[in-house]
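Structure, as structure tokens:
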Amino acid sequence: MRFILKDQCLSPTFLHQEGLPFSRIEALPHISTNYQFNHLPQLQSFLSGKELLLSEIPFPVDIIHTHYENGCIQLNYGITKKQKTKCCHRCGNQDEHLFASFDCAKCGEKDCTYCRKCIMMGRVSECTPLYYWSGPEEKSSSQTVFTWEGTLSPGQMQASEKVVSTIKENKEILVWAVCGAGKTEVLFEGIYQALKDHKRVCIATPRTDVVLELAPRLKKVFPETSISALYGGSDDKAKPATLVISTTHQLLRFKEAFDVIIVDEVDAFPYTADQSLQFAVQKSRKKQSSLIYLTATPSQTWKKEVALNRRPFVKIPARYHGHPLPVPEFHWCGNWKKQLTKNQVPAKVIDWLKERLGNDKQAFLFVPSIQVIDQVVTICQKLDSRILGVHAEDPERRQKVTAFRNKEIPIIVTSTILERGVTIPNSDVAILGSEEEIFTESALVQISGRVGRSAAYPTGVIRFFHFGKTKAMIDAKRHICQMNEEAMNNDYITIKR
């Protein structure tokens, strides 16, 4: 392909060197791929299925340009304008308020538009093209070894079979399974089938903690498969992989990469509130591909679609070990905010913590904000100096969660970042201030789901300490009770097309 501007034939190298505005250039159709060209396998592996800024590609510009001239690399506009509408082709942003302009030395324009929505991943502007691989498709030659020797429950088995058929037929399905139903194990056979068929698989999740928990589990199950874990600060970003476990944010760097995409915790923030993440999932799919959604707490819209049979789904209302979900207990604790101003935690909460420490049982204590975490930890450390707090912005977040898993921390005071993705076999859970707005029905159900997940410890206590009951609290308890009842009456599973 050549770009025509003022009757000059310009290569992308020339564009970058001379600072000419990509978005103002007329683009002609690309030349077809030259299959006689000896492309660089390392560049192919790195760029296949991705769409990146030039600054993100760790190869010399002349090598990139040579591959471009031979049809192995193509360019896409970073931002386009049509009348009054702007569009970022990396994140799909079309919100006028999330664009800005600057005096660009590269293209010489004083109003070069860039996208603020995805600025943290590197600036995309009108004169910044995105590069993607268009050469020969990379073929997987590695053998697939499947080492899991566990046993699926009847509900898991039927759901697993449905996942396998969805992957074979390149269709979509929602897997609605209670917390602790064993959703990850339900995926194993489907992933194995995809890998045997030389398909590329991605498991995407909104939370870094979930990526960090899933990656080692999947490496044990598929020991010969190339696996990468992608999140902010990951060391695997340049690593080619057949099986990718990624935060949904990282999918913004992919384009038509995956034959199978599994979106875990599809109800979780920020995925539900951020259209760019939903755009990223669709953008990273191949045209012929399967899409599997996983959730324990679908939105009201999805519940309605399921009820009207508009969305294919499989529902597992029972945990894999067959024991019911622990039901939350409501305990009024007075004006806990006022007590915190006096450097006190409600006596009922202190008694609850002392009981866990006395029984040598680990526990989560969820609170509504970072400020509350700091206050509560300071007070609780008088009971045990090992009690620590963690939140999304904590620089030691990974180390603390690992220490908690290793039983080095008896009680962890946390925000909602640990409402999912962290499993502690023998633990109880409490919430201080469960009436706060941040504790939605979905969040409360997920937090309750931290209890009793292990077959060895299938029971436990989940307690809501509150200063007044809310609709979300009542709905969460009702949700859990309904799933328990359905598990008893429906032979563990519901399937509809």
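Tabulated data for the structure shown
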{"quantity": "Gyration tensor (alpha-carbon) shape descriptor, region 329-490, a/c threshold 1.5", "calculated": "oblate"}
{"quantity": "Accessible area expressed per residue, the chain, with surrounding protein chains retained (probe 1.4 Å, Å²)", "calculated": "46"}
{"quantity": "Partner aspartates and glutamates for Lys361 [C-alpha distance under 16 Å; skip if fewer than 8 residues away on the same chain]", "calculated": "Asp351, Asp384, Glu408, Asp428"}
{"quantity": "HN-Hα J in Hz across region 440-457 - Karplus 6.51, -1.76, 1.60, θ = phi - 60°, x for Gly and Pro", "calculated": "6, 4, 4, 5, 5, 5, 5, 4, 4, x, 6, 9, x, 7, 8, 4, 6, 9"}
{"quantity": "Cα centroid separation - region 234-311 against region 399-414, whole Å", "calculated": "29"}
{"quantity": "Integer Hz, Karplus 6.51/-1.76/1.60 couplings in order for region 317-325, x for Gly and Pro", "calculated": "x, 10, 6, 4, 8, x, 7, x, 5"}
{"quantity": "Carbon plus sulfur fraction of accessible area for the chain, probe 1.4 Å, in percent", "calculated": "49"}
{"quantity": "Per-selection metrics, region 280-425 (Cα): Rg and Dmax in Å", "calculated": "19.8, 61"}
{"quantity": "Cross-link partners of Lys287 among aspartates and glutamates (Cα-Cα below 12 Å; sequence separation of 8 or more within a chain)", "calculated": "Glu256, Asp259"}
{"quantity": "By average C-beta atoms within 10 angstrom, highest first, the peptides 448-456, 377-385, 269-277", "calculated": "448-456, 269-277, 377-385"}
{"quantity": "Expected 222 nm ellipticity per residue - DSSP helices of 4 or more, -39500 (n - 2.57), all of the chain, to 500", "calculated": "-9000 deg cm²/dmol"}
{"quantity": "Ranked order, Asp197, Asp428 - accessible area, probe 1.4 Å, largest first", "calculated": "Asp197, Asp428"}
{"quantity": "5 angstrom amide H check on Val175, placed H, neighbours 5+ away", "calculated": "Tyr293, Leu294, Thr295, Val314"}
{"quantity": "Sparse-neighbour loop sites [trypsin sites (Lys or Arg not before Pro); region 66-159; at most 13 other C-beta within 10 Å; DSSP]", "calculated": "Lys84, Lys110, Lys139"}
{"quantity": "For peptides 291-297, 97-103, sequence by mean Cβ density within 10 Å, most packed first", "calculated": "291-297, 97-103"}
{"quantity": "Spatially proximal lysines relative to Lys337 (Cα-Cα < 25 Å; intrachain offsets below 8 disregarded)", "calculated": "Lys348, Lys354, Lys382, Lys469, Lys471, Lys477"}
{"quantity": "Spatially near lysine pairs across region 82-163, Cα under 24 Å, sequence gap of 8 or more or different chains", "calculated": "10"}
{"quantity": "Distant-in-sequence amide H partners of Trp332 (H built 1.01 Å from N, under 5 Å)", "calculated": "His466"}
{"quantity": "Share of Cα-Cα pairs in the chain lying beyond 30 Å, as whole percent", "calculated": "54"}
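The values are calculated or read from the model by the stated rules, or taken from the named source; none is laboratory data. In this text, all values refer to a predicted model and were calculated from it rather than measured experimentally. All Cβ positions, even for glycine, are placed from backbone atoms using ideal geometry, and neighbour counts span all protein chains on display. Calculation scope for accessible area: heavy atoms of the full protein, side chains included, ligands and nucleic acids excluded. Shrake-Rupley method; radii C 1.70, N 1.55, O 1.52, S 1.80 Å.
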